[in-house]
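Reviewing the structure listed below.
Read-outs: derived from the displayed coordinates by stated rules, not from any lab. All values reported here derive from a predicted model rather than from experimental measurement. Cβ: placed from backbone, ideal geometry, glycine included. Neighbour counts: every protein chain shown.
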Ligand SMILES: [Cu+2]
């Protein structure tokens, strides 16, 4: 039972929205074509929604949950006017986008939070194609979880990749509900700070019953975004053949048939799926511990026209991506420049006991904590008893004391080391590590070379694992480096880099 030990106090956003009758219902996502030079409004608002018959307050950009799907051509620049209509200070962070530093939306680093009633105008440039997303960079554990997220779809400047019958953007999320209402959030900081807030209600594009209708033989390109606080998803379409074609920032060197796609918080994946039989395919999250149906795809008897089945059969090599990455290969075997340890100090017993109770619990062979194995302890975890840390190997500096100094043009090899229990971590688990404002290649997992490269902004470092990345330093300014588990971030698991 989740949250059995917590009180029923209302979160701030719930008390202000006590009169739900005055609120509008959350609307479904609209696709907005944003032209180069256009100006749009993107206002965080308070709306209501119900999943189990009981209405509750939710946040939503322009009243939509998820927020509008902004579709824009690679290389464009557009303006986003934000008026904060919620009860909390907020910002908008353009996740994975190599835009101008002052528009990164990183509260406390690139801007002051936008106070309730206040405004801020962002200029967004999109040099890279891919499925990006936007969300607040203030109390993500609450604001993002309560509905503030949307996709930014940057379509490639050049010829489209392999043709498909249709394209769908899916935002995956989970909400922690109790008796039909969201479990209240920590008043001044994130609770569930140990493992993050695992939800018990799965949402695809804001719906607990996602459904899509296609024709027999249709190839559908799904761009998946994990908008959950902490849950790692492992996705498949119940037996439909699936080909992984891209990740955070565009296509991979090589297309690859896969049985499932693993996606940690804030990561994206693009897959082509062939629905070759009429009937119903389940859209499933399957981990070693659980199998949850997230939605369904119903396939009619009508045959797909045109048919892209033969192109789907090919695992194409993207020569343009390979050529782009060629310029970086000389750096792959260079010595490691920086090493960052991921670790936690925990003491739930007020000094009487030892955090060791939490050690090594609930993480499977694959190094992923798929579910909350200790909900009572997790719910009570705050900064007072739990401190997540990035630690720089060379200086010993921790979290915001870390400020790397890089220069535009640097190719920086960074080793991310997930400290083991024997290295002093009180609860080793996976961390999705995100670098703002730059892009990187994942070179190796546990010393094993990655043979299919793709540009990324977030990488999952499983328990006990070591991951090497090559950071392509191109974008000047002060940028955050942090864990994208919302509760770990709120807890302090972040550092920064200054690029000159
Ligand atoms: Cu983390």
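Over 18 Å apart: what share of the alpha carbon pairs of region 12-155 falls there, rounded to a whole percent?
Here the long-distance tail beyond 18 Å is 53 percent of all Cα pairs in region 12-155.
Expressed in whole Å with the largest first, what are the equivalent ellipsoid semi-axes of region 394-479 derived from the C-alpha gyration tensor as the square root of 5 times each eigenvalue?
So the equivalent ellipsoid measures 22, 18, 10 Å along its semi-axes.
Looking at the chain only, what percent of DSSP beta bridges run antiparallel? Nearest 5 please.
On the way: 100 of 137 bridges.
Antiparallel: roughly 75 percent of the beta bridges in the chain.
Once you keep just the Cα pairs under 8 angstrom separated by 6 or more residues, what percentage relative contact order results for region 12-155?
It comes to 26 percent, rounded to a whole number.
Please list, in order, the residues from region 316-346 whose amide nitrogen is less than 13 Å from a point placed 7 Å along the Cα→Cβ vector of residue 394.
Within reach of a label on residue 394, which here means backbone N under 13 Å from a point 7 Å along Cα→Cβ, region 316-346 contributes 335-340.
Counting only DSSP beta bridges with both residues in region 166-317, what percent are antiparallel, rounded to the nearest 5?
Counting DSSP beta bridges with both partners in region 166-317, the antiparallel share is about 75 percent.
Tell me the mean residue ellipticity at 222 nm calculated for the chain from its helices only (DSSP H runs of n ≥ 4, each -39500 (n - 2.57), averaged over every residue, nearest 500). Walk me through the intermediate numbers first.
Details: 6 runs with 33 residues, N = 500.
Roughly -1500 deg cm²/dmol at 222 nm, from the helical runs in the chain.
For region 35-78, compute Rg over Rh where Rg is the Cα radius of gyration and Rh is the Kirkwood radius from the inverse mean 1/r over Cα pairs.
Here Rg/Rh amounts to 1.17.
Quick one: Cα convex hull volume of region 262-323, Å³ per residue?
So the per-residue Cα hull volume is 153 Å³.
Along the Cα-to-C-beta direction of residue 331, a point sits 7 Å from the Cα; which residues of region 429-454 have their amide N less than 12 Å from that point?
438-443
Rounded, prolate or oblate: which one fits region 212-311, using the alpha carbon gyration tensor with axes a ≥ b ≥ c (rounded when a/c is under 1.5, else prolate when a/b beats b/c, else oblate)?
oblate
If I take every Cα pair under 8 Å that is 6 or more residues apart in the chain, average their sequence separation and divide by the length, what percent do I get for the relative contact order?
Answer for the chain is 14 percent.
Based on the mean of other Cβ atoms within 10 Å per residue, sort peptides 144-156, 413-425 so the most packed one is first.
Peptide ranking by packing, descending: 144-156, 413-425.
Among rounded, prolate and oblate, which fits region 58-143 when a ≥ b ≥ c are the square roots of the eigenvalues of its C-alpha gyration tensor, a/c under 1.5 means rounded, and a/b larger than b/c means prolate? Working shown, then result.
Working: a/c = 1.81, a/b = 1.40, b/c = 1.29.
The shape class here is prolate.
Output the direction-averaged projected area (hull surface divided by four) of the convex hull of the alpha-carbon atoms of the chain, in nm².
On the way: hull surface 89.6 nm².
In nm², the orientation-averaged hull projection of the chain is 22.4.
When the gyration tensor of region 173-237 is built from Cα positions, what are the square roots of 5 times its three eigenvalues, in whole Å, from largest to smallest? Spell out each step's value before the answer.
On the way: eigenvalues 183, 37, 14 Å².
Each semi-axis is the square root of five times an eigenvalue, giving 30, 14, 8 Å.
Mind giving me the FRET efficiency for residue 213 and residue 71? R0 is 22 Å, r the Cβ-Cβ distance, nearest 0.05 is fine. Don't jump to the answer; show the numbers that get you there.
Values: r = 22 Å, r/R0 = 0.99.
Taking R0 as 22 Å, the efficiency between residue 213 and residue 71 is 0.50.
Quote to one decimal, in nm, the extra length available between residue 311 and residue 102 on full extension: 0.36 nm per residue of separation minus the C-alpha distance between them.
Full-extension gain reported as 71.0 nm.
What FRET efficiency, computed as 1/(1 + (r/R0)^6) with R0 = 30 Å and r the Cβ-Cβ distance, is obtained for residue 41 and residue 320, rounded to the nearest 0.05?
Numbers: r = 36 Å, r/R0 = 1.19.
It comes to 0.25.
Normalise the Cα radius of gyration of region 129-234 by 2.2 N^0.38 Å (N = residues in it) and let me know the number. All intermediate terms of the calculation are to be shown ahead of the outcome.
Working: Rg = 16.5 Å, N = 106, 2.2 N^0.38 = 12.9 Å.
For region 129-234, the normalised Cα radius of gyration comes out at 1.27.
With a/c under 1.5 counting as rounded, go ahead and sort region 241-392 into rounded, prolate or oblate using the C-alpha gyration tensor (a ≥ b ≥ c being the square roots of the eigenvalues; past the cut-off, prolate if a/b is larger than b/c, else oblate).
Note, shape of region 241-392 comes out oblate.
Could you state the orientation-averaged shadow area of the convex hull built on the Cα atoms of region 329-499, in nm² to one decimal? Working shown, then result.
Working: hull surface 40.2 nm².
That works out to 10.1 nm².
Highest mean first, what order results for 176-185, 197-206, 32-41 on Cβ atoms within 10 Å?
Averaged packing, sorted descending, gives the order 197-206, 176-185, 32-41.
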